[in-house]
Amino acid sequence: MREQALRAILQGADLVEFRLDFLNSAPKGPDIVGLFAGLAERAIATCRPVREGGRFAGDEAGRLDILRQAAALGCFAIDIEADVPVANWPGGQVIVSHHDFGGNMPDMDAWLSRMAGTPAAVCKVAFQARSGEDWFRAAEAIRKCPKPGIALAMGPAGVASRVLAGRLGAWGTFAALEAGLESAPGQPTLAEMKGLYRWGRLSRSAGLYGVIGCPVGHSMSPAVHNAAFEQAGLDAGFVPLLVEPGWENFRRFMDAVREREWLGWRGFSVTLPHKENALRYVGPERCDELARRIGAINTITIGPGGTLRGDNTDYGAAIDALCRAMGIDREGLAGRAVAVLGAGGAARAVVAGLCHYGSRVTVKNRTVDRAVKLASDFGCAAGGMVDVVDAEIVVNCTPMGMHPNVDACPVAGLGAGVKVVFDTIYNPLQTKLLAMAKSRGCVCVSGLDMFVLQAAAQFELWTGKPAPTGTMRDVVERRLNAL
Ligand code: NAP
């Protein structure tokens, strides 16, 4: 524990919480002295009992005695559970805390006002986030608390309450030294907090952005957009926002955003399964024309007074990735024969863009009915999947070849007329399809270009500034290489 504490300080932690209940056995006097030697002034001593979600199973008098010794050694603060009578407090500066591991603390206001009435220096509450908007209550608690406060929503839907704690005015937040050493669910690492989430570099009025999806934990958008904000010197933060599938969940989340203008949301990236819900919520009349025809948006921009605007940056990104690789402008796509493999969400955006710029598109899909439906929506041709595809441009919009199924390929061969192959998959960067295309001397386009360009377009819609695409691309490449 001491070695980990030293590492945390070296990595830039301001304070280190010593979870004394995590030790294999209750520490005795000399252990406690050795543990805190030279570190007490940076230490928060906590010995969480089982009743509050901790591991200390011994008697209460023994537990308080351990904390008394830590206080006597000059620890910066002692964490004491709110149900311990003030008369039994061990001395020193106190963080009074209450944790609801099983539930979402419906009586949080009552707990906070009781805690604020004690001599504690800091009040801390932690509860389980049950829905996408539940963690907003943590932001409200910090706002209302008459003393320095910490309010954390635990679990994957509460990550934002942890990483935005500083921006929300909390006294502090908690991070794990490394993955696997978390002391509560949803806790990011110290490196993520200081690097990815720009801890300490956001003002209290920083603009807030996030990616709404389910699942969202593996989204690269927080890393890409935070790096872009950093590079552009913008006072803005970007967080993952887990919102369960379904229109009602999405609507509740967005209503909660709009009821709390003081939170300072400026925009959202929207991913699966909420792209259609996003268009419905924003309203088709406030979305771009092709987005309306696609029936989905991936970008919400919140303007002054809470006005909403919806955009689909996927189709433009796909078109631009293709055009850049071919050295043509969008109008140069007119009349070219394109085979689009797949008829799902990505294919829909690609087909919409290609048809808009006058390409002669054929949609080829395993389920032919879906190909026919997509083709009829945009006035192009349809057919089933083929062994050998032949068109000037081939675009793969199926997951075939995506990690971990890297040996899969949507087609067995490419026809003699194929000059350009665009695989929308970006993990791996070179799919089996692209390797085949490369060996035949075709122009190759990877899904990375599309991913970076759709994020860059979002950045520009939100900030009105040119996106640092080089930085954004580097972030994705580094993350992919680390997988
Ligand atoms: P989706 O809506 O689930 O559609 C998947 C499509 O792939 C469907 O047409 C499906 O055919 C077909 N398919 C799935 N498994 C297949 C198989 N084993 N054999 C033949 N066809 C198969 O997914 P999506 O959102 O469109 O995403 C598709 C891919 O696009 C993703 O895997 C991702 O790599 C890529 N993408 C890239 C970006 C980017 O920014 N680069 C963005 C979005 C998506 P059926 O209709 O017969 O089921």
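Relative protection proxy for 19-27, 140-148, from highest mean packing down: 140-148, 19-27 (other beta-carbon atoms within 10 angstrom).
For Ala416 and Glu3, FRET efficiency with R0 = 56 Å and r from the beta-carbon atoms, rounded to 0.05? Provide the component values of the computation, followed by the final result.
Details: r = 64 Å, r/R0 = 1.15.
Using R0 = 56 Å, I get an efficiency of 0.30.
Partners of Lys373 within straight-line reach, counting lysines whose Cα lies under 28 Å from its Cα and excluding those fewer than 8 residues away in the same chain: Lys275, Lys364, Lys419. Computed over the stretch 235-338, the quotient of the alpha carbon radius of gyration and 2.2 N^0.38 Å is 1.25.
Considering all C-alpha pairs of the stretch 330-483, those separated by over 20 Å amount to 51%. Could you list log10 I(q)/I(0) for the stretch 255-409 at q = 0.09, 0.11, 0.16 Å⁻¹, which the Debye formula gives when each Cα is one point scatterer? Taking Cα atoms of the stretch 255-409 as identical point scatterers yields -0.34, -0.49, -0.91. Neighbour counts of C-beta atoms inside 10 Å place Ser113, Ser161, Ser97 in the sequence Ser113, Ser97, Ser161, starting with the fewest.
How large, in Å, is the chain by the Kirkwood hydrodynamic radius built from its alpha-carbon pairs? Can you show the working numbers first?
Details: mean 1/r = 0.0403 Å⁻¹.
Result for the chain, one decimal place: 24.8 Å.
At a Förster distance of 60 Å, what's the computed FRET efficiency of Ser439 paired with Ser113, Cβ-Cβ distance as r, to 0.05?
Working: r = 70 Å, r/R0 = 1.17.
Between Ser439 and Ser113 the formula returns 0.30.
Under Stokes-Einstein, with the Kirkwood radius over Cα pairs standing in for Rh, what whole-number D in µm²/s applies to the stretch 190-277 at 20 °C and 1.002 mPa s? Diffusion coefficient, whole number: 158 µm²/s. Rg ratio for the stretch 1-148: its Cα radius of gyration over 2.2 N^0.38 Å, N being its residue count, equals 1.06. Report the far tail of the P(r) of the stretch 113-169, meaning the percent of Cα-Cα pairs longer than 16 Å. Here the long-distance tail beyond 16 Å is 36 percent of all Cα pairs in the stretch 113-169. Normalised by residue number, the volume inside the convex hull of the Cα atoms of the stretch 54-93 is 76 Å³ per residue.
Since every read-out is calculated from the coordinates, none of them should be taken as a lab result. Note that the structure is predicted; figures quoted are calculated from it, not measured. Don't worry about glycine lacking a Cβ; one is built from the backbone with ideal geometry, like all the others, and counts go over all protein chains shown.
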